[in-house]
Amino acid sequence: MIVVLRLTRVPLNAHHENTLRRSCLGNALWLHATSSKYAETEKQIPGLTNPPRIPSAMEPKAESPKRMLKPGFEKHAIKSLSTTEKEMELPLKSSLDNVTKIRGASKVSDNVRGYVFTRYFDYVRGYDKLLEKNFPSAMKVYRVFFEGVKEFFADMKRYLKITRIVNFKGIKSLNRQELELYMQMPRDMFKMAPTLIFSALPMVGYAVFPLAFMYPRVLLTSHFWNYRQKLEFQHMEFHNRLTYYLPVFRCLQEKLRYIEKHPKHKELSIILGQVGSGTHPTVEQLMDVKSIFTEPPYNLVSLNRKHIRMLVKMHQASRGIFKRHSLYEHAFLLHYMDQAICREGDVHNMNEKALRNACLIRGLNPSNLPKEEMISWLRDWIKVSATIKEDHLTMFLHLPIFLAYNHPNNWRVVYGGDQTFDTMPSSEDKRKH
């Protein structure tokens, strides 16, 4: 095929060469070729034997000659530029004036808005004082409710945190305050559950809290009580506990005839006689008879239903189906509290409020008691608690009978001498009151 094309190829003449050159070269070369000088030389030379050399890409480009300006062109250009600058300055000045006006207007609006919001916030901040002035009783109830909700949910968060600690490290890792909250908070949550559930209902919720504040001792916890209510309700609850001391003591006396052959029968009968005659046994006497409470009829498994029911009410333990388990858990919580007090530096390092609360939990009325007497009574309790093991659990549950049944403070509560406790109000109680 290549051979045929070569044979049939027509020889190039001058016209074909010129046409090929025009088609292959660029426009710049073609303009150069068609210039006047090149045309004159082309007339003189009949054929293009030596075509002009095409500059390579590596060679430097020739500088284009400067364009000649007409005389007076520079002055005319300067005048036109000055006029255009003046024309551009006018809208620029007007736009700057508009920007300053807008900024001034926005600053004024910001000042007005800030003044309005400041006055509004001041009004809202002082609105509670206005309500307290016009509706003092309603605002007092509102303040008690608001503070109670905060305290209740704060204690509930602490209780959940303590529960996680117990699950990972054990209950012995808790301090005294954590153990007291761990004992009390389940009762408070169970007590508040109906009020919180019914308050979440659409139509019933509006009537729940007024009803709860009408009966705060039954439907609300101590978080929602003011200082006077705390004194009054604590006195009522402790009075109810003391009413079960005598039935529990009678149950102990009834079982005495079943252990006549026990070697410690005489010692226990002496102790019960002392309690019945208005005195208390010593710590050494109680330690001597603790082995009786490991066997029937005084161990926890052998106690009858009446005895168990009276013990539950005396200790204010859980009143569910598993009453024996509730007593078992309550006794060990008290025992761990005693151990925590010893770890934290003994009883004398506790403040007066903690001492009163500790005596109240263990069954002694702390009203009008000096600090030294509370410390002495708690030390006797802890001495007995330190020697008790799991087998002696029933004796630990009866320690309020052996150590506090005949105390003058308890007798004043039972027979109407004391009407309220004389505890010092805390800062939260002062705010509520």
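The values are calculated or read from the model by the stated rules, or taken from the named source; none is laboratory data. No experiment lies behind these values; they were computed from the predicted model shown. Note that we place each Cβ from the backbone using ideal geometry, even for glycine, and neighbour counts take in every protein chain shown.
Among the criteria (1) in the same structural domain as Lys150 (by TED's automatic domain parsing); (2) surrounded by 14 or more Cβ atoms within 10 Å (Cβ to Cβ); (3) within 18 Å of Val141 (Cα to Cα), the one Tyr215 does not fulfil is (2).
When the residues of region 317-331 are filtered to those that are in contact (Cβ under 8 Å) with a residue 24 or more places away in the chain and surrounded by fewer than 18 Cβ atoms within 10 Å (Cβ to Cβ), which remaining residue is farthest from the chain's Cα centre (by Cα)? Within region 317-331, the match that is farthest from the chain's Cα centre (by Cα) is Arg324. Taking the numbered list (1) part of a helix (DSSP H, G or I); (2) under 13 Å from Phe238 (Cα atoms); (3) in contact (Cβ under 8 Å) with a residue 40 or more places away in the chain in turn, Gln339 passes all entries but (2).
Restricted to region 233-287, and to residues that are out of contact with any Ser or Thr (no Cβ under 9 Å at 6 or more places or on another chain) and among the basic types (Lys, Arg), which residue is surrounded by the fewest Cβ atoms within 10 Å (Cβ to Cβ)? Across region 233-287, the extreme among qualifying residues is Lys261. Which residues, counting only those in region 218-232, are crowded, with 18+ Cβ neighbours inside 10 Å and among the charged types (D, E, K, R)? Within region 218-232, Lys230 is the sole residue that qualifies. Taking helices (runs of 4 or more DSSP H) as the structural unit, those lying wholly within region 126-216 and holding at least 2 residues that are within 21 Å of Lys230 (Cβ to Cβ) correspond to 136-169, 176-199, 205-214. Based on what the data block shows, is Leu286 over 46 Å from the mean Cα position of the chain (by Cα), part of a helix (DSSP H, G or I) and in the same structural domain as Lys353 (by TED's automatic domain parsing)? Criteria met by Leu286. Of the residues in region 288-296, at least one is closer than 13 Å to Met395 by Cα, of a type in the set (A, V, I, L, M) and surrounded by 17 or more Cβ atoms within 10 Å (Cβ to Cβ). Check whether at least one residue in region 96-112 is part of a helix (DSSP H, G or I), surrounded by fewer than 11 Cβ atoms within 10 Å (Cβ to Cβ), at pLDDT 60 or above and under 34 Å from the mean Cα position of the chain (by Cα), and report yes or no. No: zero hits. Only one of the numbered conditions (1) modelled with pLDDT under 95; (2) closer than 30 Å to Met189 by Cα is violated by Lys261, and that is (2). The requirement of being touching a Pro at 6+ places or on another chain (Cβ under 7 Å), in a loop (DSSP other than H, G, I, E, B) and assigned by TED's automatic domain parsing to the domain that holds Arg412 is satisfied by Gly363.
Contact map, region 288-308: residues that are over 13 Å from Leu256 (Cα atoms) paired with residues that are outside any helix (DSSP H, G or I) and among the β-branched types (Val, Ile, Thr), Cβ distance under 9 Å, separation 6+ or inter-chain. Pairs shown: Lys290/Ile388.
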